[in-house]
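The values are calculated or read from the model by the stated rules, or taken from the named source; none is laboratory data. Model, not experiment: these values are computed from the prediction. Ideal geometry is used to build each Cβ from the backbone, glycine not excepted, and the neighbour counts take in all protein chains shown.
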Amino acid sequence: MTPDDYCQEKTRQSSSTFYYSFLFLDKAQRQAMTALYAYCREVDDVVDECSDSSIAANKLNWWREEIHNLFHGKPNHPVTLALKTSLCHFPLQEKYFLELISGMEMDLHSHQYQTFNELTLYCYRAASVVGLLTIEILGYKNKNTYDYAHNLGTALQLINILRDVKEDAKRRRIYIPQDELQQFGVTQSMLLNGENSTQTQALFEYQAQRAEQFYDKAFSSLADTDRFSQRTGIIMAELYLALLKKIKLQKYPVLEKRVSVAKLKKLWIAWSTARREYKLSQKFLLNSTNKAKE
């Protein structure tokens with residue numbers, strides 16, 4: 001099995017959402033995005049699958065050394081070998097790969113966050129840095145696309161937190177800020193025991209609204225010049241937004257089950273979003289051409 005085959009299998013096993021967003025990439029971009037996602041899965045699995053925190057910490061430190069090898073020496077792991085190919089095509093920064101490891105490390109030490117300000121660092125490390133790497137692979141011209149990636153990463157992570165409330169609670173991880181639990185009269189035991197109530201409904205609605213705010217903030221920063229090149233990220237955003245809408249439509253059943261979007265629906269969203277972005281790009285080019293002629 002080649003390094004790229006390993007990454008493809010890792011991606012296939014882990015997330016159909018990423019698969020659908022990768023459909024419209026060229027060969028080099030698809031290889032890089034697949035390797036990046038496989039890396040995300042590797043470091044995330046260290047924390048999720050290792051019950052001994054000291055062993056997990058050692059494994060994360062091994063990954064730090066492996067990232068150093070990727071950028072300064074000879075990588076050994078199939079994922080970093082695949083990423084080495086990616087570095088030949090795209091200006092990916094070492095610091096973002098290391099930040100992701102630090103984000104996963106936070107899960108070993110911080111199982112609760114007192115305020116949203118505390119949670120923002122986790123969201124940045126666990127998700128926004130992936131967005132910042134992604135825009136380098138997809139390409140951009142406007143510097144504001146950096147803000148788009150940062151805020152969209154936060155939005156997607158907040159949706160993940162809402163979707164996975166029950167699963168995370170079983171691991172004794174409460175990502176929803178403690179002061180907001182108190183504000184809405186929700187106790188940790190209610191989350192741990194899956195007690196759906198008017199209080200939890202209001203709390204989850206508040207979390208959903210915040211995710212939508214970051215989503216809107218992200219797209220207000222995305223210039224028309226970069227929309228088409230960033231369409232894979234836009235597809236991902238639309239897939240997550242569909243998930244959030246489904247959670248809201250079903251009145252936040254996240255303590256009872258894991259909500260997901262059907263595969264056929266994902267395919268439709270990916271295709272229709274790509275088609276929409278193509279039409280918008282053609283309209284933008286036409287308007288630009290007409291202005292140049294004036």
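Here are a few things to note about the model shown:
- Residue in the stretch 235-245 that is surrounded by fewer than 19 Cβ atoms within 10 Å (Cβ to Cβ), more than 26 Å from residue 124 (Cα to Cα) and not aliphatic (A, V, I, L, M) present: no
- Any chance residue 34 is outside the structural domain of residue 181 (by TED's automatic domain parsing), farther than 27 Å from residue 176 by Cα, touching a Phe, Trp or Tyr at 6+ places or on another chain (Cβ under 9 Å) and of a type outside the set (D, E, K, R): yes
- Among the residues of the stretch 199-229, the ones that are within 19 Å of the chain's Cα centre (by Cα) and either in contact (Cβ under 8 Å) with a residue 60 or more places away in the chain or under 13 Å from residue 153 (Cα atoms) (or both) come to 13 in all.
- Exclusive hit being on the phi > 0 side of the Ramachandran plot, in the same structural domain as residue 145 (by TED's automatic domain parsing) and out of contact with any Leu (no Cβ under 8 Å at 6 or more places or on another chain), set 251, 257, 245, 265: 251
- Within the stretch 158-173, if we keep just the residues that are buried (at least 22 other Cβ atoms within 10 Å of the Cβ) and over 13 Å from the mean Cα position of the chain (by Cα), the residue that is nearest to residue 217 (Cα to Cα) turns out to be 162.
- Selection status of residue 168, in contact with a helix residue (DSSP H, G or I) (Cβ under 8 Å, 6 or more places away or on another chain), under 22 Å from residue 212 (Cβ atoms) and in contact (Cβ under 8 Å) with a residue 60 or more places away in the chain: no
- Leading residue by the ranking (surrounded by the most Cβ atoms within 10 Å (Cβ to Cβ)) among those in the stretch 178-227 that are in contact with a strand residue (DSSP E or B) (Cβ under 9 Å, 6 or more places away or on another chain) and within 18 Å of residue 160 (Cα to Cα): 191
- Set 57, 28, 32: member being among the small types (Gly, Ala, Ser), surrounded by 21 or more Cβ atoms within 10 Å (Cβ to Cβ) and touching a helix residue (DSSP H, G or I) at 6+ places or on another chain (Cβ under 9 Å): 32
- Note on the stretch 36-54: residues that are surrounded by 16 or more Cβ atoms within 10 Å (Cβ to Cβ) and either over 22 Å from the mean Cα position of the chain (by Cα) or basic (Lys, Arg) (or both) amount to 1.
- Residue-level analysis places residue 83 among those that are part of a helix (DSSP H, G or I), surrounded by 14 or more Cβ atoms within 10 Å (Cβ to Cβ) and within 20 Å of the chain's Cα centre (by Cα).
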